[in-house]
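Every read-out reported here was derived from the displayed coordinates using simple, explicitly stated rules and does not represent laboratory data. Remember, it's a predicted structure, so these values are computed and weren't measured experimentally. Note that we place each Cβ from the backbone using ideal geometry, even for glycine, and neighbour counts take in every protein chain shown.
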Amino acid sequence: MRARMLIVLAIRVILIAAIAALAFQTAGAQSYDSKASAGAKPMAAGSANAAMGSGGTDVAKTLKTAAEALGLARWSGVGGQRLPEVDVINTMEIWGSGTMYSPGPSSKSGEPWTPHKTDYHVALGYNPPAMRVEMTRTVSGAAPQHMIEMVRDTYAWDESEIGAGLVPGKGTATPAMAVAKNRFLQLWILPYGVIKAALAAGDKTKVSTENGATVITFPLSGPLAGVMIKATLDAQNQIAKVETRTDNPALADLVTETEYSGYADHGEIATDVKSPGHIVRKQGGHPVLDIQVKMWDANNPYLVFPVPENVKKAATN
């Protein structure tokens, strides 16, 4: 009898700990500034899960099918308390290599941009929305160039080393506010960002069929207001192409076209999350990125994206 009572008590302790951990996770998941996100306003668990449910409109069913095709729809929680299914997976890391393109000093309109062999490493999160792109580019006849480009919410900056500018004497953080929207867009045109933002757009999200393929369209908001996303699904309901368009001439550099292919579980530890193995992006009609993915960690790696104080001050000036 004594042993049985001890087992019951142990189970109760485990349940209490699990519920407390979930409460902490849910609170953290909804703590960021929704005004700064591109259509990523935190949704109440009930409304998001209703949209992902088995019933509802064609839009809800299409988004549910696309999320499941990516392995993005995950259940989390105990006792009926849970995060919205598409928000269970929040942080990711990507490693790859390929070619990046940049305009040369004397590039003229219509001329091809200069290609650079590139090693590519991305760390990203959707809560808060942030991305770190680390690249080592090999330029013909010159030493390799190492760059770290950061964006979080409405802040953008370059780092001389990871974490630069956070501790006195440790590297330099250079504000880059002029390219904040461009960098922020990269986060939301990834397949996972498309699903999250399409759900957050609510009844502004539309579904149609073009040439036999399912197409999802919706507007972004926050810093990317004025930009429309058009996502085309393949035969497996995975996101094959993402196009961004705008009628605002001031946002012309946010016109992009990205193709995703070779979906598989590219994680070192299998998570059943499908990620593209090949990413090709154009911007304003020019190729800017052609990357073969080596590994894609979607197992919620621990990632933080603090904004250096000098970057915050530059944003307010």
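General remarks:
- Exceeding the 28 Å Cα-Cα cut-off - candidates 230/312; 170/274; 117/274; 204/312; 61/241; 61/181: 230/312; 170/274; 204/312; 61/181
- Near residue 123: Cβ cut-off under 11 Å, other residues only, Lys/Arg at +1 and Asp/Glu at -1. The net charge is -2.
- Given charges at beta-carbon only (K, R positive; D, E negative), |dipole| of segment 91-316 in Debye: 420
- Inter-centroid distance (Cα atoms) of segment 228-245 relative to segment 188-209, Å: 10
- Segment 91-316 shape via C-alpha gyration tensor axes, a/c threshold 1.5: rounded
- Multiplying the residue separation of residue 247 and residue 102 by 0.36 nm and removing their Cα-Cα distance gives an extension gain of 49.7 nm.
- Panel order for 217, 114, by other beta carbons found within 10 Å of each beta carbon, from fewest to most: 114, 217.
- The modelled label-to-label distance for the pair residue 261/residue 203, using points 7 Å beyond Cα in the direction of Cβ, is 4.0 nm.
- Within-15-Å neighbourhood charge of residue 264 [Cβ basis; K, R +1; D, E -1]: -3
- Calculated FRET efficiency for the pair residue 114/residue 310, C-beta based, R₀ 35 Å, to 0.05: 0.65
- Order of 316, 172 under a 10 Å beta carbon neighbour criterion, fewest first: 316, 172
- 5 angstrom amide H check on residue 261, placed H, neighbours 5+ away: 277, 278
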